[in-house]
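Notes for the one structure printed next.
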Amino acid sequence: MISVLVADDHGVLRKGVRSVLDAEHDIVVCAEAGDGVEALEEIAARNPDVVILDVSMPNLGGLDTLEQIRKHHPATKTILFSIHQESAVIRDAVARGADGYLLKSAATRDIVDAIHAVLAGDNYFSPPVARELVAVLRDSGGQGLGTYGQLSRREREVLHLIAEGLSAREVGNRLGISGKTVEAHRTSLMRKLGVKKATELVRYAVRQGLIEA
């Protein structure tokens, strides 16, 4: 029997996914979670074969939860489940080790197919996601998933917070690091992303779909 954990902050959606999976003879939903922190607790307690993760969850988002799963439960397969199909989010998911990426607009049967695919050692991406990955690889000359995917986790966190309008001090307070460390990360970000002004980091974040304009 394949055990699956469904993590999404929308209860109705969780129940819908559960009803689809419960109809399968070889799949059982062993637990549900409403955020990333709860998901990690359930994973530690139940050791599911597959985790379906919403990208946007409170307390700990899907991408950061994914990173913790890869670190502490490497055998667990992970499928990101999201409305987002922006290249930056997809690249980040793949860079952090997602086994699959499904759009919430996908057919319900795709969820079942994705579970079987990742357990067989394959990857599974919704067609629009797969097309986006191909476009990214083509545009980068086959060199990988682009600059954003090469940023460290801390650099991504700093970029997101700067793009949301937080000052260096506010970013430092949020992340528990000094203002000087934030400035160092910002300098590194500007160098890696090829921008010369901090304001350009915000424009980059908007273009990549990391924040809304």
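The values are calculated or read from the model by the stated rules, or taken from the named source; none is laboratory data. Being a predicted model, the structure only gives us computed values, none of them experimental. A quick note on method: Cβ atoms are made from the backbone with ideal geometry, for glycine too, and the neighbour counts reach across all protein chains shown.
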Problem set entry | Which numbered condition V94 misses (of (1) assigned to a loop (DSSP other than H, G, I, E, B); (2) touching a Leu at 6+ places or on another chain (Cβ under 8 Å); (3) surrounded by fewer than 24 Cβ atoms within 10 Å (Cβ to Cβ)) | (1)
Problem set entry | Among the candidates A114, A33, A93, residue that is outside the structural domain of L193 (by TED's automatic domain parsing), over 16 Å from V129 (Cα atoms) and of a type in the set (A, V, I, L, M, F, W, C) | A33
Exercise. Of (1) in contact with a Leu (Cβ under 9 Å, 6 or more places away or on another chain); (2) modelled with pLDDT under 90; (3) under 26 Å from R131 (Cβ atoms); (4) of a type outside the set (G, A, S), V51 satisfies all except one. Which?
Worked result: (2)
Problem set entry | Scan of region 135-159 for residues that are modelled with pLDDT of 70 or more, surrounded by 14 or more Cβ atoms within 10 Å (Cβ to Cβ) and not in a helix (DSSP H, G or I), ordered by number | L151
Problem set entry | Complete set of residues in region 160-196 that are loosely packed, with under 14 Cβ neighbours inside 10 Å and either in contact (Cβ under 8 Å) with a residue 24 or more places away in the chain or closer than 28 Å to H84 by Cα (or both) | G165, S167, R191, G194
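If you check T108, T76, which single one turns out to be in contact (Cβ under 8 Å) with a residue 60 or more places away in the chain and assigned by TED's automatic domain parsing to the domain that holds V129? Spell out the reasoning first.
Details: T76 fails: in contact (Cβ under 8 Å) with a residue 60 or more places away in the chain.
Residue meeting the stated conditions: T108.
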Exercise. Among the residues of region 169-180, which ones are over 25 Å from the mean Cα position of the chain (by Cα) and not charged (D, E, K, R)?
Worked result: S178, G179
For this session: Only helices (runs of 4 or more DSSP H) wholly contained in region 4-76 count here; list those with 3 or more residues that are more than 18 Å from the chain's Cα centre (by Cα) and surrounded by fewer than 18 Cβ atoms within 10 Å (Cβ to Cβ).
Result: 11-22, 36-46
Exercise. Of all residues in region 103-125, how many are of a type in the set (A, V, I, L, M, F, W, C) and surrounded by fewer than 22 Cβ atoms within 10 Å (Cβ to Cβ)?
Worked result: 8
